[in-house]
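Student: So that we are looking at the same thing, I have put the structure below in C-alpha cells.
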Amino acid sequence: TGAPRCGASLHEPNKALRIELNANANCTWQIQRNANQTIRLVFSHFKFAPSSSCETESIRVFDGPSTASPLLGQVCDDTDAVPVLESSSDSLTFLITTNSVPFTRNFFVYYYFFSPGSRAENCGGELTGPNGTFSSPNYPAPYPQFRYCVWHIQAPKNSKINLEFRDFFLELDRNCQLDFTAVYDGASTASGLLGKVCGRAQPTFESSSNVLTVVLSTDDSNSYRGFSAQYSTAPLPGPVEPNTSLTCSSDSMRIVLSKSYLASLGFREAHLQLNDPSCRPVVTDSVIFSFPLASCGTIKKDEGHSITYTNTISLAPAGSAITHQRNTEITARCTMSNNETLELIYTTTNNAIQKLAAGGRYNVSMAFYESDLFSKPIQYSPYYVDLNQTLFAEVTLHSTDPNLQVFIDTCTASPQPGFGSLTYDLIRSGCNKDDTVVTYPAFENHGRFKFRAFRFLRSFPSVYLQCDIVICDSNSSNSRCARGCISRQKRAISPYTWKTNTVVGPIRLKRDLRAAEHSESLTEVEAEKTSNLQQYNFYTLAFVVLISNILIVVAVILKHHKHQVGYSYQNVQSS
C-alpha cells in the first residue's frame, strides 16, 4: 500500500491506498489504464473531521479521466454505507477535499480492473421465500481474490429477516478494510448499513422489513474459507405503520418514517430534526434518519442491565414556522440488551408524543495475537502452540460509541466446541482462576489478557475458549466493569450492564502437528521400502526363470549330442 501525500496518477491493474490528510487539502487521484475493462473502487474505511458536512469535506468520484467527467458518487462523514463505485470505462478520478478544522483524516481505498459479466463476476444472487441458506464462493475452500458479491433477500410481506452466519472466517484487520461482509437493512446497498464484519465471528442481524442485502468484498491479499449463512423470517410486530420503523445496531440508529404517517399527523418532511439540529433526514420514498449511536445529540443512559440510546425528532405542524418549542415530538429509543427482540411501540399522549423503541445487540469479536503488542492477529485455524506458550487474546467491541468499556467477566476452556460439562476456568466473575492469567487494563474498545497453554492440551487434541463479555458505560463509576473481580458472596449485588459471549478455537499442540507430519513421513518411507522390495523380488524371480531356461536348453543339446555319437559308432561297426 502507499500513495503520495496528495494525489497521484495510477496505472497499475490494482492497488491499495492508505491516505492521510490534514486541513485544507484538495487532492486528486486519477486511475487510467489501456484495457477493455472497468474499474471497481472500494472505500472500505474513511474518517473525516467530526461533524463535517458534504459541502466542506468529501470524496467525489468522477466517471472519467478528470474532475470534469460526470460525477459518479460522493462520500461524506455521514455516509451510512461502505461505498463501492464502478466506472463505465477504463478511467476514473476521485477528489478529496477537507475543511479548515485541525484534524488528521484517514482513508483506506483500493481499486481493481475487472470485466463485467465475466465468469469471475458470477457470485451472489436473489433469495426468496421464508428461509434459505447461502455461502461465499468456493466455501469451505478459500474465497477468490477481487470479488464483489451481492445477495438480495426478499421474504414474504409483513415479516422481518433474521440472518445468522453459522461459520464465518474472513481476513482480520481492525477496521475491516481488506476483506469484509456488509449487511444492509433494505433492498440495496443504498439502504442503511446494519454492520460490517471481518475476521472470525458468528454475527447475527435482523432487518426492519422483509428485504435485506448482503455484500462480500475481497482484495488480493489473504483468503480464508469465507462464510456459510442461513436466514429465517418472523412476523413483524404490530401495530406497525407502513414503512415506519426503528433499527438499532452496534454502530448506528436508523429511523424510517412514512410520508403518509407524517401527513396524517399534519407534519411536513422539511420540518424534521434530531436533538442536534444539524442532523437532517434523507427524503426518498420515506423519510430516513441514519446516524452513529453516539452522535446527533443522542442521550445514553446506563439502565443497570442494559444501555439505552435516546434521540428525539422534533416536528412542526404544516403551515407553521419552525421554533424551539417542542410541543410535538417523536422519541426514538434503542435498548442494547441480551436478546434481539425488536419491539415497536406507538403511543399518543395529550401532548401528541410518539414513541419508537427497539432492541439491539453490540457486535463483539475475539482473536488471538502473536504478542502483547496486539498488532498481528493469528489468522489461521487451528492455532498450534507449544505447552506453556504464552497466548495473547483480545476481545473487540465494534461500535461507534467511544464511551463504552469492554470487561472480560468469565473465560472458560473446553475440549468440546459446545462447552459441555468438562470445562476449565481461566477467569470467573472478573477474577483470575488460572495462575498464568494476566489481564491488561481497559483500552478503548478492547479487552485483553494473556495466559499460558494449559494442562487441557496434554489430554485432549483440541481446546476451545469461550469468554463472557460485559459492556458498560465508561463514565459510570458504579458499573459492573468498574467493580472488577467479584467474589461469590458479593456477586448478587453487582448486576451487569450488557453481556454476551464469544468463542475462538481450536487450539492444538505443535507436537500433535509434528506427530502427524512424522507419521506422514513414515508412511512415505514404508511405501518406498515396499516398492523397492517388490522391485527386488521381481528381478530375483526373473533371474531364477532365466537360469532355469538356460539349464533346460543345455540338457536338450547334450541329449541330442549323445544321440549323434551313438549313431556314428553303430555305423563304424557295420563297416
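The values are calculated or read from the model by the stated rules, or taken from the named source; none is laboratory data. What you are looking at is a predicted structure, and each value in this text was computed from that prediction instead of being measured. Cβ placement follows ideal geometry from the backbone for every residue including glycine, while neighbour counts extend to all protein chains displayed. These accessible areas exclude ligands, DNA and RNA; they are computed on the full protein's heavy atoms, side chains included. Shrake-Rupley method; radii C 1.70, N 1.55, O 1.52, S 1.80 Å.
Student: Could you please find all residues in segment 76-95 being touching a Lys or Arg at 6+ places or on another chain (Cβ under 8 Å) and of a type in the set (Val, Ile, Thr)?
Tutor: The answer is Val82, Val84.
Student: Kindly provide the set of residues from segment 374-433 that are among the aliphatic types (A, V, I, L, M) and surrounded by 15 or more Cβ atoms within 10 Å (Cβ to Cβ), ordered by number.
Tutor: If the condition is that a residue be among the aliphatic types (A, V, I, L, M) and surrounded by 15 or more Cβ atoms within 10 Å (Cβ to Cβ), then Ile378, Val385, Leu391, Ala393, Val395, Leu397, Leu404, Val406, Ile408, Ala413, Leu426, Ile427 are the ones that fit.
Student: Still on this structure, please answer the following. Quick one: how many residues across segment 442-486 are among the β-branched types (Val, Ile, Thr) and either open to solvent by 10 Å² or more (accessible area, probe 1.4 Å) or part of a loop (DSSP other than H, G, I, E, B) (or both)?
Tutor: 1
Table: residues versus (1) modelled with pLDDT of 80 or more; (2) closer than 19 Å to Glu329 by Cα; (3) open to solvent by less than 50 Å² (accessible area, probe 1.4 Å).
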{"site": "Ser250", "(1), (2), (3)": "no, no, yes"}
{"site": "Leu257", "(1), (2), (3)": "yes, yes, yes"}
{"site": "Ser260", "(1), (2), (3)": "no, yes, no"}
{"site": "Glu269", "(1), (2), (3)": "no, yes, no"}
{"site": "Arg280", "(1), (2), (3)": "yes, yes, no"}
{"site": "Val283", "(1), (2), (3)": "yes, yes, no"}
{"site": "Ser290", "(1), (2), (3)": "yes, yes, yes"}
{"site": "Thr298", "(1), (2), (3)": "yes, yes, yes"}
{"site": "Gly304", "(1), (2), (3)": "no, no, yes"}
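Student: Contact list please: Cβ distance under 6 Å, first residue in segment 447-473 and farther than 15 Å from Thr410 by Cα, second residue among the hydroxyl-bearing types (Ser, Thr, Tyr) and assigned to a strand (DSSP E or B), pairs at least six apart or on different chains.
Tutor: Arg452/Thr390; Phe456/Tyr424
Student: Within segment 212-231, which residues are under 19 Å from Leu194 (Cα atoms) and either open to solvent by 30 Å² or more (accessible area, probe 1.4 Å) or in contact with a helix residue (DSSP H, G or I) (Cβ under 8 Å, 6 or more places away or on another chain) (or both)?
Tutor: Residue satisfying the conditions is Gln230 alone.
Student: Please verify whether Arg18 is out of contact with any Pro (no Cβ under 8 Å at 6 or more places or on another chain) and surrounded by 19 or more Cβ atoms within 10 Å (Cβ to Cβ), treating the condition exactly as stated.
Tutor: Considered against the rule, which asks whether it is out of contact with any Pro (no Cβ under 8 Å at 6 or more places or on another chain) and surrounded by 19 or more Cβ atoms within 10 Å (Cβ to Cβ), Arg18 comes out as no.
Student: Condition (residue is under 16 Å from Cys467 (Cβ atoms), open to solvent by 20 Å² or more (accessible area, probe 1.4 Å) and either modelled with pLDDT under 55 or not assigned by the TED database to the domain that holds Asn275 (or both)) applied to segment 316-339: is it met by at least one residue?
Tutor: Scanning segment 316-339 turns up at least one residue that is under 16 Å from Cys467 (Cβ atoms), open to solvent by 20 Å² or more (accessible area, probe 1.4 Å) and either modelled with pLDDT under 55 or not assigned by the TED database to the domain that holds Asn275 (or both).
Student: Of all the strands (runs of 3 or more DSSP E) wholly in segment 388-441, which have at least 3 residues that are modelled with pLDDT under 90, closer than 25 Å to Lys376 by Cβ and assigned by the TED database to the domain that holds Ile378?
Tutor: 390-398, 404-414
Student: Are any of the residues in segment 129-149 of a type outside the set (A, V, I, L, M, F, W, C), without any contact (Cβ under 8 Å) to a residue 40 or more places away in the chain and assigned by the TED database to the domain that holds Ser228?
Tutor: yes
Student: If you don't mind, another one. Quick one: would you say Ser100 is of a type in the set (S, T, N, Q) and in contact with a Pro (Cβ under 8 Å, 6 or more places away or on another chain)?
Tutor: When the stated conditions are applied, Ser100 does not pass them.
Student: Continuing with the same structure: Just checking: which of the strands (runs of 3 or more DSSP E) contained wholly in segment 261-302 hold 3 or more residues that are closer than 17 Å to Asp251 by Cβ?
Tutor: 286-292
Student: Out of the residues in segment 139-168 that are assigned to a strand (DSSP E or B), among the charged types (D, E, K, R) and under 18 Å from the mean Cα position of the chain (by Cα), state the one that is surrounded by the fewest Cβ atoms within 10 Å (Cβ to Cβ).
Tutor: For segment 139-168, the residue satisfying everything is Arg166.
Student: Collect the residues in segment 169-190 that are outside any strand (DSSP E or B), touching a residue at least 60 places away in the same chain (Cβ under 8 Å) and among the hydroxyl-bearing types (Ser, Thr, Tyr), keeping them in residue-number order.
Tutor: Matches in segment 169-190: Thr189 only.
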